Each structure stands twice: as C-alpha cells, then as structure tokens.
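Participant: Here's a structure for you.
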Amino acid sequence: MATANTFVQIGSTVTVGSGGAANISFSSIPATYTDLVLIISGRSDYAATISRAKMQINAITTNYSNTMAYGDGSSVSSTTNTDYITYIYSVGSTATASTFSNSNIYIPNYAGSNYKSVSVDSVTENNATAAYAVIEAGLLSNTAAISSLTITDANSGNFVQYSTASLYGILKY
Amino acid sequence: MAAGATYVSIASQTLSSAASTITFSSIPATYTDLIIVQQGTAVTTAAAMQMELNSDTTAGNYSCTFMYGDGTSAASGRYTGDKMVGRNYIQQQNNIIQIMNYSNATTYKTTLSRSNAAGNLVGTIVSLWRNTAAITNVRLFVGAGNFDTGTTFSLYGIAAA
C-alpha cells in the first residue's frame with residue numbers, strides 16, 4: 001500500500017503586490033503529476049461588486065467550452081460560453097472592503113493525451129448583495145499536455161494586492 | 001514537527017476496454033475521507049453514474065439531492081432509492097466524489113459529488129447511504145452504455161494530521 005503524500009505544491013504561492021496585476025501565470029508546469037489543483041483568493045479593481053477572470057491554457061485561444069450554474073442569493077441560472085475554459089469569479093472594487101473570493105479549479109489528467117476537462121467552484125460572499133456561488137464544467141478540446149496556466153481579469157481590471165494563487169499537483173501510483 | 005502524509009493515492013484504474021462497472025475493494029480504514037476522481041467518456045449512451053458501497057445492492061438504502069445547470073436553466077431535485085453520484089457523457093467529462101468519515105461504524109455515510117461535462121451539464125449531488133458500516137468497497141457503474149476505453153478512476157485517502 002502506497003503511503004507517500006501526493007498533494008504537492010508546485011512552485012510558490014503567487015501573492016499580488018501593491019501595484020496590482022493584470023494576470024497571474026504559472027509556466028513550465030512539470031508533467032510529473034496526474035491532476036492539478038489551483039486555489040485562488042481574488043479581488044479585482046474593476047468597479048463593480050462582481051468581477052471574473054478567464055483562465056487560458058498553454059496560450060491556446062480556441063476550442064474551449066464551458067457550462068456553469070450559479071446562484072446569486074435570490075435565484076439560480078445556467079449559461080454556456082466558448083471564450084475560455086472557465087470563468088473564475090472574484091469580488092470587484094465596490095464589494096465590501098477586505099473581502100476576497102475563493103475559487104478551486106481541479107484539472108484531472110492534465111498531462112495526458114485526452115481533451116482537458118476541469119471542475120470549478122467559485123464563491124464571492126461579501127456580506128452584501130450580489131454575491132455568487134458558482135459551479136462550472138470546462139473543456140479544452142485539445143490533447144496537448146498542460147504546461148502553463150494564465151488567469152486574466154475578464155473586465156480589463158487588475159487583481160488587487162493580497163490576491164493569491166497556489167498550484168498543487170496530485171500524484172498517483 | 002514534520003507533517004504526515006495527508007492526501008494519499010490508494011489505488012487507480014485505467015480502462016483498457018470499455019466497461020460498465022469498476023470496483024475499489026479492500027479499502028483500508030486508515031484515512032478520514034475518500035476522494036474518487038473519474039475522467040473520461042461514455043460509449044454511445046449518456047447515463048447516470050451510480051455508486052454501491054460494501055456491495056449493498058438495496059436501492060432503498062440510498063438517496064440523493066442534486067442541483068444542476070444545462071446552460072439554459074438551473075434546477076434542483078431529489079431521488080429516493082437512487083444511487084446516483086454523477087453522470088457519464090460521450091463528451092470528455094469528469095466526476096469528483098468525496099466520501100466523508102467513511103471508516104466510522106456509527107453514522108450513515110454522506111457523499112458530496114461534482115459532475116462536470118462542459119456543453120452538457122454541470123451539477124453537484126449530495127448522496128446518503130443509510131448504513132453505519134465502515135466503507136471497504138466502492139463500486140461505480142452505469143445503467144446504460146459503458147465507461148469508454150481510457151477512462152481513469154483514482155481513489156485517494158485524506159488522513160487526519
């Protein structure tokens with residue numbers, strides 16, 4: 001029976017500095033693992049209560065699809081898009097001060113020759129209106145191993161100081 | 001103090017041919033929670049992915065409540081006598097299943113699942129197995145069609161620090 005730890009941080013946590021950042025990237029991701037987990041705590045300077053970021057894989061710009069379901073505190077809705085594999089929700093600059101979103105992105109078999117499917121959970125609770133709870137399914141119809149991830153604010157805003165992103169690899173035997 | 005291993009690969013399977021069922025058996029009681037990650041495609045027919053624990057085939061011992069979105073609308077429902085923990089689609093998709101406190105012999109067992117098939121459906125399911133036995137055996141299966149060749153199933157154990 002294998003007993004080694006298989007949940008390993010890849011590189012270091014990215015913490016956005018005082019100047020903000022238009023995007024957060026992880027490059028040269030090794031093919032050592034089987035699954036990836038990306039954890040993001042984010043806030044945008046976009047002037048709204050809610051913002052969202054797009055995740056791009058290997059700088060690929062086509063062949064994405066996404067289905068999401070979300071609740072905003074009063075109703076639930078569902079939509080699709082083909083822009084990027086996932087939207088990662090964050091709170092905007094008019095949301096309650098010091099609140100940050102939480103997002104968990106799981107990517108199975110990221111180094112395999114299969115198309116890449118992802119599972120995303122995003123929440124933006126800020127003790128006010130217009131908070132979102134989001135679940136998403138994303139697909140990149142491309143068989144290349146994933147070696148880079150780039151998360152960019154979809155509203156041309158910036159991630160603000162203290163936003164963080166951590167990437168983990170899961171290894172099986 | 002050095003941290004112990006807390007996220008451990010217990011077993012994994014990659015289908016070399018299409019199959020309607022897979023089983024993880026002899027699961028040790030060493031951990032606190034289990035996580036199963038399935039990724040792949042279905043053969044010709046989409047269907048619910050179901051789960052039986054400890055070879056208990058009695059449908060009446062299982063129930064689930066779910067919420068999903070299909071890109072147009074979102075809805076919620078519940079089934080009694082149903083073993084659903086996910087969906088199996090022809091398109092590349094994944095299901096992630098978390099079984100909490102699986103090795104205690106006192107409480108019924110609760111499962112939280114996420115099903116992800118972009119272009120078809122995204123959903124979350126909470127399932128209940130009304131049995132207090134420690135889980136040592138997990139069978140995943142589809143009632144129609146098969147899991148296709150290349151579909152992967154990984155079983156992980158989460159240990160208390």
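Computed from the coordinates by the stated procedures, all read-outs in this text should not be read as laboratory data. Note that the structure is predicted; figures quoted are calculated from it, not measured. Note that each Cβ is placed from the backbone with ideal geometry, even for glycine, and that neighbours are counted across all protein chains shown.
Participant: Under 6 Å between Cβ atoms, at least 6 apart or on separate chains: pull out the pairs that start in the stretch B:69-89 with a residue that is within 10 Å of another protein chain (Cβ to nearest Cβ) and touching a residue at least 40 places away in the same chain (Cβ under 8 Å) and end on any residue that is of a type in the set (Phe, Trp, Tyr) and surrounded by fewer than 12 Cβ atoms within 10 Å (Cβ to Cβ).
Facilitator: Note: no pairs meet the criteria.
Participant: What's the number of the only condition in (1) β-branched (Val, Ile, Thr); (2) farther than 27 Å from A:ASN58 by Cβ; (3) surrounded by 23 or more Cβ atoms within 10 Å (Cβ to Cβ) that A:ILE85 fails to meet?
Facilitator: Condition (2) is where A:ILE85 drops out.
Participant: Kindly indicate the residue of the stretch A:59-78 that is of a type in the set (S, T, N, Q) and crowded, with 16+ Cβ neighbours inside 10 Å and also nearest to the other protein chains (Cβ to nearest Cβ) among those meeting that condition.
Facilitator: A:SER78
Participant: Kindly provide the set of residues from the stretch B:74-91 that are surrounded by fewer than 23 Cβ atoms within 10 Å (Cβ to Cβ), of a type in the set (S, T, N, Q) and closer than 18 Å to B:THR45 by Cβ, ordered by number.
Facilitator: Answer for the stretch B:74-91, where residues must be surrounded by fewer than 23 Cβ atoms within 10 Å (Cβ to Cβ), of a type in the set (S, T, N, Q) and closer than 18 Å to B:THR45 by Cβ: just B:GLN91.
Participant: Can you find, within the stretch A:141-173, the residue that is surrounded by the most Cβ atoms within 10 Å (Cβ to Cβ) among those that are at the interface with another protein chain (Cβ under 9 Å from one of its Cβ atoms) and among the hydrophobic types (A, V, I, L, M, F, W, C)?
Facilitator: Only one residue fits best here, namely A:ILE170.
Participant: Suppose we filter B:THR58, B:THR23 for residues that are surrounded by fewer than 16 Cβ atoms within 10 Å (Cβ to Cβ), hydroxyl-bearing (Ser, Thr, Tyr) and free of Cβ contacts under 8 Å to residues at least 60 places away in the same chain; which single one remains?
Facilitator: B:THR58
Participant: Among what's in the stretch B:96-151 and is within 11 Å of chain A (Cβ to nearest Cβ) and of a type in the set (Gly, Ala, Ser), pick the residue that is farthest from B:MET51 (Cα to Cα).
Facilitator: B:GLY119
Participant: Could you check, for the stretch A:80-93, whether at least one of its residues is in a strand (DSSP E or B) and out of contact with any Lys or Arg (no Cβ under 9 Å at 6 or more places or on another chain)?
Facilitator: Residues of the stretch A:80-93 in a strand (DSSP E or B): A:80-81, A:86-91.
With out of contact with any Lys or Arg (no Cβ under 9 Å at 6 or more places or on another chain) added as a condition, the list becomes A:80-81.
Yes, the conditions are met somewhere in the stretch A:80-93.
Participant: Checking A:SER119 against (1) in contact (Cβ under 8 Å) with a residue 24 or more places away in the chain; (2) touching a Lys or Arg at 6+ places or on another chain (Cβ under 6 Å), only one condition comes out false. Which one?
Facilitator: Result: A:SER119 fails condition (1) only.
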